[in-house]
1. Could the peptides 24-34, 152-162, 99-109 be put in order, highest first, of the mean number of other beta-carbon atoms found within 10 Å of their residues?
2. Where nothing but the Cβ of Lys and Arg (+1) and of Asp and Glu (-1) is charged, how large is the charge dipole of the range 3-226 around its Cα centre, in debye to the nearest 20?
3. Evaluate 2.2 N^0.38 Å with N set to the residue count of the range 153-236, then give the Cα radius of gyration divided by it.
4. Within a Cβ distance under 12 Å of R255, other residues only, what is the Lys/Arg minus Asp/Glu net charge?
5. Give, to the nearest whole percent, the P(r) tail of the range 228-269 beyond 12 angstrom, counting all Cα pairs.
6. If you split all Cα-Cα distances of the chain into 5 Å bins from zero, what percentages do you get per bin, shortest first?
7. Using every pair of alpha-carbon atoms in the range 45-173, split the distances into 10 Å bins beginning at 0 and state the percent of pairs per bin, rounded to integers.
8. Using all Cα-Cα distances in the range 119-269, what percent lands in each 10 angstrom bin from 0 up to the longest?
Amino acid sequence: MAEAAIGGSAEKTSHEEVGLRFEVDGEIATITLDRPERRNAQTFATWSELARIGDSLPQQVRIVVVRGEGPSFSAGIDLRLFTPEGIPGQDSLATLATAEDPTFEQRIAHAQRGFLWLRRPDIVSIAAVNGHAIGAGFQLALACDLRVLAEDAKLCMKELALGLVPDLTGTKPLVDLVGLPRAIEICLTARAVGAREAAAIGLAELVVAPEDLAEAVRDLAAALLATDRGAATATKRLLQGAGGRTLEEQSAAERREQVARVRALFAGS
Ligand code: CAA
């Protein structure tokens with residue numbers, strides 16, 4: 001497995017400092033949340049690094065797998081950010097709370113960039129979730145196109161229990177996947193959703209035994225890689241746009257994409 005060149009050079013060290021490992025193997029990139037001793041809690045530095053990985057993703061990558069090292073996918077925001085001391089080198093929430101607007105919102109927007117690129121049409125992102133995915137951890141799983149869960153996975157939007165709202169891009173995919181009433185129930189009770197229930201309500205594509213998680217994700221990636229990249233990108237774009245279009249508009253979008261596909265196919269022949 002090759003270590004990826006971010007910004008032109010291999011930077012494994014800096015990823016480790018923010019609790020992330022990034023590896024590329026051919027067309028598959030793997031982002032590993034890698035602070036198991038803190039249950040892969042996330043910080044502003046984690047989110048900056050996620051954004052940077054997205055900005056410099058090698059062109060050949062078609063699949064991005066997001067996984068967690070150790071017993072939990074991610075325990076969400078690093079709770080040290082709530083303390084007055086915060087985390088060395090990073091603003092605490094107490095500091096940000098007193099910052100001038102729009103500074104705080106800009107910080108959140110920057111954090112959200114780390115999640116938003118995972119929906120790019122030219123890639124398919126897969127969250128491989130074992131153990132707890134809490135708060136920012138649940139939202140990171142929701143930021144991915146697909147979710148493969150181990151049977152021990154527990155998803156929890158804990159933000160409300162802390163007096164916060166989910167703000168790392170998770171609310172829209174949650175509503176899109178489970179519908180408004182179920183999303184309200186899950187968020188406003190801050191309860192844990194187990195893997196079987198998650199699959200039943202549309203939050204997971206697949207549930208497997210914990211020891212089979214890596215293989216199940218590899219198999220899914222192989223199946224996704226078996227189709228043509230240009231067609232896959234155009235189809236994902238079509239599917240992503242379908243919810244916001246009428247049937248007529250969507251039909252027109254299909255025509256445009258197909259004309260471009262056929263032209264591309266014959267231009268290459
Ligand atoms: N931040 C910082 N450290 C954390 C952490 C977190 N979110 N979650 C766990 N840790 C640390 C623990 O303090 C502990 O450290 P020590 O060994 O130094 O004591 C270590 O990780 C192991 O934790 P546990 O012993 O609790 O591990 P466990 O396997 O028994 O339980 C867990 C795992 C259920 C995830 C539990 O640790 C837990 O509930 N963590 C807190 C979860 C939480 O409330 N997260 C915030 C979500 S809200 C959010 O994310 C806001 C947002 O998006 C804006």
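Laboratory data are not the source of any read-out in this text; all were calculated from the coordinates shown. Owing to the predicted nature of the structure, the values given are computational and were not obtained by experimental measurement. With ideal geometry, Cβ positions are generated from the backbone for all residues, glycine too; neighbour counts draw on all protein chains shown.
1. Values: 24-34: 19.2, 152-162: 20.8, 99-109: 11.7.
Answer by packing, highest mean first, reads 152-162, 24-34, 99-109.
2. Rounded to the nearest 20 debye, it is 420 debye.
3. Values: Rg = 15.8 Å, N = 84, 2.2 N^0.38 = 11.8 Å.
Against the empirical 2.2 N^0.38 Å value, I get 1.33 for the range 153-236.
4. Numbers: positive: R256, R261; negative: E248, E249, E254, E257.
Cβ neighbours under 12 Å give a net charge of -2.
5. Counting every Cα pair in the range 228-269, those more than 12 Å apart make up 60 percent.
6. Cα pair-distance distribution for the chain, in percent: 1, 6, 12, 16, 18, 17, 13, 9, 5, 2, 1, 0, 0.
7. 12, 42, 35, 11, 1
8. Answer for the range 119-269: a P(r) of 11, 34, 30, 18, 6, 1 percent.
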